[in-house]
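Coordinate-derived values only; no laboratory data. Just so you know, these numbers come straight off a predicted model, no measurement behind them. Virtual Cβ from ideal backbone geometry, glycine too; neighbours counted across all protein chains shown.
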Amino acid sequence: MLAFMVSVNQNHKKPVILIVEDDPVLQKMYTEKFIFEGFFVLNARDGIEALEISAKNNLDVILLDIMLPRMSGTDFLIKYRKDYKYKNTPVLVLTNLDDNEEKQKLFSLGVKYYLIKAMYTPDQVVKIIKEILNSQTRC
């Protein structure tokens, strides 16, 4: 599947979300949900793909898993935030890793929410992301 490598036409009106998730079932489920909710969705299976995609596209928001192959979500975010133009991109973590030290590290990197997968439905995640994007447009 090479669809994740395609650059987004930046003239569209839909918000662009990058979903970084290595579980194909969850990736498909969240992709379909966000498309249904009016988003343009890009997918990455690990932090390396996420860096490649983010370099080629203007992202409105990132939904990020932490435990990923090749490069973790945390390592991706550290590298991503090094570029000043990405300092304010909203990032929402959706993971099974419930670790306070990791949470604090991610919040220091500008993560807006740290959600445990089992505790949130896709509807709830979409609602939170829409609230994040709406609060940015009001600022």
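Looking for something under 22 Å from residue 14 (Cβ atoms), crowded, with 18+ Cβ neighbours inside 10 Å and not aliphatic (A, V, I, L, M) - is there at least one such residue anywhere in the stretch 94-104?
No, the stretch 94-104 contains no residue that is under 22 Å from residue 14 (Cβ atoms), crowded, with 18+ Cβ neighbours inside 10 Å and not aliphatic (A, V, I, L, M).
Quick check, is residue 54 under 12 Å from residue 21 (Cα atoms) and small (Gly, Ala, Ser)?
no
Filter the stretch 21-55 down to the residues that are closer than 16 Å to residue 74 by Cα and of a type in the set (A, V, I, L, M, F, W, C), then identify the one that is surrounded by the most Cβ atoms within 10 Å (Cβ to Cβ).
Looking at the filtered set, the residue picked out is 50.
A quick yes/no check of all residues on (1) farther than 25 Å from residue 29 by Cβ; (2) of a type in the set (Ser, Thr, Tyr); (3) in contact with a strand residue (DSSP E or B) (Cβ under 6 Å, 6 or more places away or on another chain):
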{"residue": "79", "(1), (2), (3)": "yes, no, no"}
{"residue": "92", "(1), (2), (3)": "no, no, yes"}
{"residue": "100", "(1), (2), (3)": "yes, no, no"}
{"residue": "112", "(1), (2), (3)": "no, no, yes"}
{"residue": "124", "(1), (2), (3)": "no, no, no"}
{"residue": "134", "(1), (2), (3)": "no, no, no"}
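Just one of (1) touching an Asp or Glu at 6+ places or on another chain (Cβ under 6 Å); (2) surrounded by 18 or more Cβ atoms within 10 Å (Cβ to Cβ) trips up residue 72, so point out which.
The number of the failed condition is (1).
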